[in-house]
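A short worksheet on the structure shown next.
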Amino acid sequence: MKARLITAAAVSAALVGIAGCGSGSSSDSGSGGSGTTLTYWASNQGSSLQDDQKVLQPELDKFQKQTGIKVNLQVIGWPDLQNKILAATTSGNGPDVLNIGNTWAPSLQATGAFLPFGDSEFNAIGGKDKFVPASLATGGMAGKDPTSVPLYSLVYGLYYNKKMFADAGLKPPTTWEELQDAAKKLTDKSKGVYGMAMEGGSYTEGVHFAFIFGQQHGSDPFDSSGKPQFTSDGQIQGVKQYVDLMSSGVVNPSSAQYKNGPEAPGDFAKGKAAMLMSQNNADNTLVADGMKSDEYGVVAIPAPTGAAKDTASFVAGINLSIFKNTKNKDAALKFVNFMTSEDEQKIFDKPFAALPVLKGVTPNFTDNTQEAKTFQDILNTKAVPLPLVPNEAAYETNVGNAVVQLTAQAATGKTPSDDDIKAALQKAQDTMAAAG
């Protein structure tokens with residue numbers, strides 16, 4: 001999951017649309033056929049809620065024509081989505097089908113509010129074997145039937161400005177040390193140009209890179225029993241790897257305020273930054289800001305020389321879940337089957353800049369075939385799910401906020417020490433423990 005580019009007006013529109021929704025509340029029939037009405041909460045994937053509606057509504061109309069099942073669509077912005085879902089799990093007043101950030105799957109599964117996908121449910125949606133294994137693995141806690149299935153897959157890559165690299169006589173970095181060197185050479189503060197763009201104020205970005213770089217240092221944030229181990233050396237070094245980008249002066253200090261908006265991709269698109277570490281749906285923003293796909297290249301985010309692992313991303317993306325208390329289970333399963341069909345995947349992946357969640361489907365989110373291949377290879381070989389533990393959401397919040405605070409410190413010119421990082425991670429771990 002990654003929160004993408006929404007405006008204050010779009011958020012307000014989302015809030016208006018959510019009121020009064022109930023699981024199966026507008027259903028005329030529980031049969032799953034003609035006359036049934038489903039409510040669907042869709043997460044914002046494009047540049048606005050309205051753009052998402054323009055993409056989705058024709059397909060929902062197509063589904064109704066095929067099945068007689070009407071779908072009431074509500075597109076919800078990321079700042080509100082998780083809280084709305086959690087409120088629905090406690091009130092029982094939610095939609096039939098909804099999008100979730102796939103990193104939330106274990107935490108939401110632990111609420112007991114969502115329908116498990118057992119054999120019969122998978123059979124109803126075309127079988128589990130149709131999905132890319134790395135994407136399917138994000139569906140819930142390990143060892144249990146998942147309570148979500150993949151809809152859109154995303155992974156991180158390293159975008160680089162081809163002209164800026166060529167003018168400097170540089171090649172795309174293959175190690176973290178080469179990335180650091182390139183970032184320094186491409187930083188020209190007198191021109192307002194920096195080597196790397198960063199969403200430094202985003203707690204989700206902070207925890208994502210803490211996890212990815214922790215993996216490169218051979219460390220997991222939880223042990224095999226699910227106990228947090230945030231202060232291990234590998235976790236500390238992973239956070240340091242990320243925060244040191246700000247400390248080293250290759251990132252604009254003002255980007256410590258950037259929060260999952262258009263600023264960091266915009267800086268890259270406008271030539272104010274030579275590199276950007278982002279998920280493949282950044283393409284939407286780059287295009288909107290006038291950057292052409294042949295003006296940038298993409299490689300896997302490199303690991304330090306001698307790294308324990310060459311992990312370059314976690315498996316990001318959007319999953320579909322069904323509320324267990326829906327009165328329209330059969331209709332909901334038909335809808336999930338429709339949304340995860342090959343024909344619909346090809347339609348959605350392009351405007352939402354997503355990778356296919358189905359085996360054997362060629363990425364079509366970009367006309368840059370090399371970019372498409374790079375991102376698909378990252379998903380297939382260099383990406384792993386975030387921790388599949390019930391308190392994953394609390395991990396994201398607490399560690400992510402710790403990284404944001406450390407990044408803000410670095411932006412003031414005070415480089416966080418290993419002890420500073422350890423103390424911040426210990427506080428995050430203690431806060432989680434106190435919450436139970």
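What is the ratio of the Cα radius of gyration of the stretch 48-165 to 2.2 N^0.38 Å, with N the residue count, to two decimals?
Numbers: Rg = 17.0 Å, N = 118, 2.2 N^0.38 = 13.5 Å.
Scaled against compact globular proteins, the figure is 1.26.
Spelling out what I want: for every residue of the stretch 37-47, take phi, set θ = phi - 60°, compute 6.51 cos²θ - 1.76 cosθ + 1.60 (Karplus), and round to whole Hz; glycine and proline get x.
10, 9, 10, 10, 9, 10, 6, 6, 10, x, 6
If one computes the Cα centroid of the stretch 385-421 and of the stretch 186-211, what distance in Å separates the two points?
15 Å
Mind checking which of 75, 357, 132 has the largest fluctuation in a GNM of the chain, springs on alpha carbons under 10 Å?
132
If I histogram all Cα-Cα distances within the chain using bins 10 Å wide from 0, what percent of pairs lands in each bin?
5, 22, 33, 25, 12, 3, 0
Running a GNM on the chain with Cα contacts under 10 Å, which residue among 95, 416, 106 ends up with the highest mean-square fluctuation?
For the chain, modelled as a Gaussian network with Cα springs under 10 Å, the answer is 416.
Please give the direction-averaged projected area of the C-alpha convex hull for the stretch 232-376, in square nanometres with one decimal.
In nm², the orientation-averaged hull projection of the stretch 232-376 is 12.4.
Let me have the 222 nm mean residue ellipticity of the chain computed from DSSP H runs of 4+ only, each contributing -39500 (n - 2.57), with the sum over all residues rounded to the nearest 500.
-12500 deg cm²/dmol
For the chain, which whole percent of the accessible surface, found with a 1.4 angstrom probe, sits on carbon and sulfur atoms?
Values: 8210 of 16480 Å².
Result for the chain: 50 percent of the exposed heavy-atom area is carbon or sulfur.
Check cross-link reach from residue 162 to the aspartates and glutamates: straight Cα distance under 14 Å, and skip same-chain residues fewer than eight apart.
Those aspartates and glutamates meeting the cut-off are 294, 295, 371.
Straight-line reach only, C-alpha to C-alpha below 13 angstrom: list the aspartates and glutamates that residue 185 could link to, leaving out same-chain residues fewer than 8 apart.
Cα-Cα hits under 13 Å: 167, 177.
Where the convex hull is taken over the Cα atoms of the stretch 211-272, what is its projected area averaged over directions, in nm²?
Average projection, Cα convex hull of the stretch 211-272: 5.4 nm².
I want the local charge near residue 323. Using Cβ-Cβ distances under 13 Å, sum +1 for each Lys or Arg and -1 for each Asp or Glu among the other residues.
Surrounding charge for residue 323 is +3.
Go through 191/414; 292/334; 54/334 and tell me which ones have a Cα-Cα distance over 28 Å in this structure.
In this structure, 292/334 exceed 28 Å between Cα atoms.
Give, as ranges by residue number, the residues of the stretch 281-299 whose backbone N falls under 19 Å from the point 7 Å along Cα→Cβ of residue 174.
Residues 297-299 fall inside that zone.
Straight-line reach only, C-alpha to C-alpha below 17 angstrom: list the aspartates and glutamates that residue 227 could link to, leaving out same-chain residues fewer than 8 apart.
392, 396, 430
For the chain, take the longest principal axis of its alpha carbons; what is the angle in degrees between that and the long axis of helix 392-411, to the nearest 10 within 0 to 90?
Value to nearest ten degrees: 30.
Considering the chain as a Gaussian network with a 10 Å cut-off on Cα pairs, which listed residue, 167, 367, 233, attains the greatest mean-square fluctuation?
The residue that fluctuates most here is 167.
The values are calculated or read from the model by the stated rules, or taken from the named source; none is laboratory data. Note that the structure is predicted; figures quoted are calculated from it, not measured. Reconstructed Cβ throughout: ideal geometry from the backbone, glycine too, with neighbour counts over all protein chains shown. Surface accessibility is based on the protein's heavy atoms, side chains included, excluding ligands, DNA and RNA. Shrake-Rupley method; radii C 1.70, N 1.55, O 1.52, S 1.80 Å.
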